[in-house]
Amino acid sequence: MIQTLAFYLFAAMVIASAALTILARNPVHSVMWLISSFFNAAGLMIIIGAEFIAMLLVIVYVGAVAVLFLFIVMMLNIDFAELRAGFMKNFPVGIAIALVLLAELVLGIGAYRAGALELGVPDGSAAPILGASNIENIGALMYGRYLFLFETAGLILLVAMIGAIVLTHREQRAPRGHQNIAKQIARQPEDAIVNTKPEVGKGVQL
Amino acid sequence: MELQASLSLIAPEIVLSLSALALLLIGAWGGDKTARMNSIAACIAIAFCFAIVAPRVCAGVGGPDAVAFFGQFKADAFSGFAKLLIYAGSVAALLIAPNYLERVGAMRAEYPVLVILATLGMSIMVSAGDLLTLYIGLELNSLAAYVLAAFVRSDSRSAEAGLKYFVLGALASGILLFGMSLTYGFTGTTNFNAISTVVAGGLSGGAMFGLIFMLVGLAFKISAVPFHMWTPDVYEGAPTPVTAFFASAPKVAAVALLARVALEAFGTQVDAWRQVVVFAALASIIVGALGAIGQKNIKRLLAYSSINNVGFILVGLAAGTAQGAASMLLYLAVYVAMTVGSFVALLMLKNENGDQLESISDLSGLRSVSPVLAFCLMSMMFSLAGIPPFLGFWAKLVVFQAAVDANLVVLALLAIAASVIGAFYYIKIVKVMFFDQPSGVVLGKSDGVHWALLIISTLVISPLGYLATSWFGDLAQRAAATLFLLS
């Protein structure tokens, strides 16, 4: 009973937050509503017993993705009013695409329910440890059976980091306001002052 | 399998990763002045891996003994053969780069690190025994390659090449992943051998879709027609040593990977993918040949030439037999020598200020200016065209032989006919070098490393190369046979 109640609470909050994300006038508020919808989605995941995915939602989506969005919204001066101006014009197209996607979903699930898809049977190579939580199971797989791939994935992230630095980092030049005192003292009047006597109509040679 | 046994099988990969990390630290502390030294250190590391892998290839290791990490990684002779070619290509890319990059002011300590990491990715790709390994290796290689393409930041063409490569490469990776997820969904496993057992009874519609999407993604990586559009632009824009790298090592890796997917995972359903491969082979040969005709830039011409060559390699794959796979490996070996040789020759074309020349008209009358260079380039062109007595002829011969033995006579005939079109533009270059009025712009001097690489690759593809063919053919046959061993 409590579970059902919690489900409807979280589900309603996800939908409400998602709606407010696209309806909020202030883009910063939009991001805040997005974070709220992530949190509630994490709650839904906990209800079905997927704690690991719930943690990922909070850590990755709230901790990284949403913060990134906030940075972008605050640092780039995007005119959201202008972006929103085309909303009503494109509304029918959006609705049409949404309906097509919905139809595909219904057809796909329908076909699956009717048994038209001959899905493969898992070969049991990654069978879960009974009685352990799913975090423990995932950890055991990542650091056991899939150790090699997990470590190599780390190397991919390293390449991404090197790449970002190689392509954007610029060496800092010597500071511009640098004062060379010896050079200033060694400067003589004759280095700086030139006496000229220009003739009329010839101009000055500097 | 014990972890220790698995670790000993991935020794080359461990050496590559550790050397990449060490060189990265040296580069971070020492700055860009360590770049040249790092390149040499990287060459030594790769040569060390070469020495680890070579005995395994000669011994023809395969079967259950060569499987590491629950079948995810296969250190068999097939992967070893491909790795040797990849390492050769990478060493060449490391040796020819410093002069070029220093000239454009882009020699940075990260270059050797990225090349090693790309090599590591390719090393993992060719050893893939699982869809996950395939994808991880491919992405490691691709990401490093995107950065290398855009390595010269001051050159807008280089940046454009990097961006184009990245966007299209990401799309191809997405298609590949989609295919992989369908394959997993409809077979219930990601292991190649397990997939082949599941699909042995018949390919379901979903698995068929998965197979086709995976072929499309991989065809992009080997730049087979109709997924070749990016090749000329990326090859032209990327720094020339990087282009030489792209045209040699990653091609070998992606082709070997395609062979693993086709022959190992879907080896029990050859008819399902043969049509696709036959079409891609013929289309690549024809488009590569026709596209090259109008080119004025040598890098673009070589890009079309590589598309053309991929077509011939796919003819060997289309045979679907061990003989076909062996012919593919042999063609790849000759192709790497020809490609590295052509690009080194291209790097040696400089005007008196030391600026690179890339246009075909600059080649005119090269014979009177630099006879040795002209002769080497002529050998490369004749070999690429498949004219005896150069080794390129033998490579084409074994591929066609495999196709004919697999009853693909029409495919072999059409490919031979189309290779005549390709001969036209290769011979045109020879004509420009030997019979046109000297333009007299190629005056720059090149250092010993370039000369050494050029002479070595010319010797490999020269008639002298035939002395090694029986030994080499045997090696490739044994390597290809390990692909058909059940493990």
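The values are calculated or read from the model by the stated rules, or taken from the named source; none is laboratory data. Treat the numbers as computed from the prediction; the structure is a model and nothing was measured. Virtual Cβ from ideal backbone geometry, glycine too; neighbours counted across all protein chains shown.
Structural remarks
- Condition met for A:Ile185 (among the β-branched types (Val, Ile, Thr), more than 10 Å from chain B (Cβ to nearest Cβ), surrounded by 10 or more Cβ atoms within 10 Å (Cβ to Cβ) and over 27 Å from B:Gly71 (Cα atoms)): no
- B:Gly80, sole failed condition from (1) buried (at least 24 other Cβ atoms within 10 Å of the Cβ); (2) within 11 Å of chain A (Cβ to nearest Cβ); (3) under 21 Å from the mean Cα position of the chain (by Cα): (2)
- Residue that is surrounded by the most Cβ atoms within 10 Å (Cβ to Cβ), among those in the range B:98-120 that are away from every other protein chain (no Cβ under 14 Å) and either within 12 Å of B:Asn38 (Cα to Cα) or among the acidic types (Asp, Glu) (or both): B:Pro98
- Restricting attention to the range B:95-130, the residues that are in contact with a strand residue (DSSP E or B) (Cβ under 8 Å, 6 or more places away or on another chain) and either without any contact (Cβ under 8 Å) to a residue 40 or more places away in the chain or over 25 Å from B:Ser446 (Cα atoms) (or both) total 5.
- Criterion (touching a residue at least 24 places away in the same chain (Cβ under 8 Å) and surrounded by 14 or more Cβ atoms within 10 Å (Cβ to Cβ)) met by exactly one of A:Ala24, A:Ala54, A:Ala42, A:Ala66: A:Ala66
- Lone qualifier among B:Pro389, B:Pro438 - being farther than 29 Å from B:Leu258 by Cα, in contact with a Pro (Cβ under 7 Å, 6 or more places away or on another chain) and not basic (Lys, Arg): B:Pro389
- Number of the exception - A:Leu102 against (1) part of a helix (DSSP H, G or I); (2) modelled with pLDDT under 95: (2)
- Filter result (among the hydroxyl-bearing types (Ser, Thr, Tyr) and under 15 Å from the mean Cα position of the chain (by Cα)) within the range B:293-323: B:Tyr304, B:Ser305, B:Ser306
- Check on A:Val204, among the aliphatic types (A, V, I, L, M), in contact with a Ser or Thr (Cβ under 8 Å, 6 or more places away or on another chain) and more than 14 Å from every other protein chain (Cβ to nearest Cβ): yes
Here is a yes/no grid of residues against (1) modelled with pLDDT of 90 or more; (2) assigned to a helix (DSSP H, G or I); (3) touching a Cys at 6+ places or on another chain (Cβ under 7 Å):
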residue: B:Ala374; (1), (2), (3): yes, yes, no
residue: B:Pro388; (1), (2), (3): no, no, no
residue: B:Gln437; (1), (2), (3): no, no, no
residue: B:Val441; (1), (2), (3): no, no, no
residue: B:Ser446; (1), (2), (3): no, no, no
residue: B:Leu464; (1), (2), (3): no, yes, no
residue: B:Ala468; (1), (2), (3): no, yes, no
residue: B:Gln477; (1), (2), (3): yes, yes, no
residue: B:Leu483; (1), (2), (3): no, yes, no
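- Per the listing B:Gln275, B:Gln323, the residue uniquely free of Cβ contacts under 8 Å to residues at least 24 places away in the same chain and of a type in the set (S, T, N, Q) is B:Gln275.
- Set A:Glu136, A:Glu118: member being within 14 Å of chain B (Cβ to nearest Cβ) and not small (Gly, Ala, Ser): A:Glu118
- Check on B:Val460, surrounded by fewer than 16 Cβ atoms within 10 Å (Cβ to Cβ) and not aromatic (Phe, Trp, Tyr): no
- Within the range B:34-87, restricting attention to residues that are in contact (Cβ under 8 Å) with a residue 40 or more places away in the chain and of a type in the set (Lys, Arg), the residue that is nearest to B:Met107 (Cα to Cα) is B:Arg36.
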